[in-house]
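To start, the structure itself, in structure tokens.
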Amino acid sequence: MEPILEVKDLTMDFGGLRALDHLDLEIDRGEIAALIGPNGAGKTTFFNCITGIYIPTRGDVVISPPGKKRERINGLKPNHVTERGMARTFQNIRLFPSMTVLENVMIGRHCRTRSGIAGAVFRGPGTREEEQAVVDKSYEILEKMGLSRFVNELARNLPYGAQRRLEIARAMATEPFLILLDEPAAGMNPQETYELDQLILRIRDEEGISLLLIEHDMQLVMSLSDRIFVMDYGKKIAQGTPEEIKNNPVVIKAYLGEEIDA
């Protein structure tokens, strides 16, 4: 398989606390992978380090976008990481609640537009064409996400599950090759979780986007994932297929006997 994300020896210290401890991880092109572990294992810190929110203490984060050269992205600002094709959602929903559903997705298109300040001021034909293209593309994404009926609704008025999907839609608007989902099923009911499962599969199969998700819903993880990585106390303690992880005694011990069967 062809790795599109390579993380080697990633370490993150906060004063005397080591949140990530020499972590190695690869995501392959076309893969749906999951990162699991007990609360406090360092999973969200890992996302923050590879997306530019934190600068890791040591280690390398290298991306290989399809059709582009490999690039080390350590130290890049989050918007520059997004421009290079790695988008994410957050554990706590971070929408613009007073903007419409369409406007929230249009914001995601910002990193793919060319009009600068002059274009915004003088609004020439090129700028107007680009603005219309942003609207059209954003609406197309909403249709794929099953959100087009909410297009003019304020984001804060959407049902909870639809807000989660809107965050994913905004990530897709950046034209990513890899989306990082931080607990996308948190707070969802069983029907919403099933719809999320099907949505993630469609994003991979129809859009060709790879996905890495942090998730505590083990049924979702086991049904979706091609490969699972397990963390505990900032270290990777196991990786493998869902079947291998489900029967790994080290993983079971790390979860203190929690049920991880699908």
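Read the figures in this text as sums done on the coordinates, not as results from a lab. Computed from a predicted structure; not experimentally measured. Cβ atoms come from the backbone with ideal geometry, glycine included; neighbour counts cover every protein chain shown.
Students often check this: by mean Cβ neighbours within 10 Å, which of 73-80, 166-173, 238-245 ranks highest, and how do the rest follow?
Details: 73-80: 13.8, 166-173: 23.4, 238-245: 16.2.
The peptides rank, most packed first, as 166-173, 238-245, 73-80.
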- Rounded to 10°, Cα long-axis angle of helix 160-172 versus longest principal axis of the chain: 80
- Message: If R₀ is 30 angstrom, what is the calculated FRET efficiency for the pair Asp205 and Tyr233, using the beta carbon separation as r and rounding to 0.05?
- Response: 0.30
- Task: Enter the Cα centre distance for the pair the range 163-196 and the range 212-249, rounded to the nearest angstrom.
- Result: 19
- Rounded to 10°, Cα long-axis angle of helix 190-207 versus longest principal axis of the chain: 70
- Per DSSP H run of at least 4 residues, take -39500 (n - 2.57); add these up for the chain, divide by its residues and hand me the 222 nm value, nearest 500 deg cm²/dmol. -10500 deg cm²/dmol
- Message: Given points 7 Å out from each Cα along the Cα-Cβ axis, report the Gln132 to Gln198 separation in nanometres with one decimal.
- Response: 3.5
- Message: Just to confirm the number: angle between the C-alpha axis of helix 125-144 and the first principal axis of the chain, 0 to 90 degrees, nearest 10?
- Response: 40
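For the range 1-97, what does the alpha-carbon gyration tensor say about shape, rounded, prolate or oblate, given a ≥ b ≥ c as the root eigenvalues, a/c under 1.5 as rounded, and a/b over b/c as prolate?
On the way: a/c = 1.42, a/b = 1.19, b/c = 1.19.
Cα axes put the range 1-97 in the rounded bin.
State, as an integer percentage, the relative contact order of the chain based on alpha-carbon contacts under 8 Å between residues 6 or more apart.
Averaging sequence separation for qualifying contacts and normalising by length gives 26 percent for the chain.
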- Query: Of Gln198, Val7, Ser98, which is farthest on the positive side of the dipole of the chain, counting Cα position, with +1 on Lys and Arg Cβ, -1 on Asp and Glu Cβ, and the Cα centre as origin?
  - Reply: Ser98
- Return the distance in nm (one decimal) between the two label points of a simple spin-label model at Arg70 and Glu244, each offset 7 Å from Cα along Cα→Cβ. 2.2
- Simple spin-label estimate for Gln91 and Lys144 in nanometres, 7 Å along Cα-Cβ: 2.9
- Task: Return the percentage of antiparallel bridges among DSSP beta bridges fully within the chain, rounded to the nearest 5 %.
- Result: 55
- Item | Lysine pair number, Cα distance threshold 23 Å (strictly under), the chain, separation 8 or more or different chains | 17
- Would you kindly derive the ³J(HN,Hα) couplings of the range 212-228 from the backbone phi angles with the Karplus curve 6.51 cos²θ - 1.76 cosθ + 1.60 (θ = phi - 60°), listing them in order in whole Hz, with x for Gly and Pro? 10, 10, 8, 7, 9, 6, 5, 5, 5, 4, 5, 7, 9, 7, 7, 8, 10
- Note on the structure: Stretched fully, the stretch from Thr113 through Arg29 gains (0.36 nm per residue minus C-alpha distance, one decimal, in nm) 27.7 nm
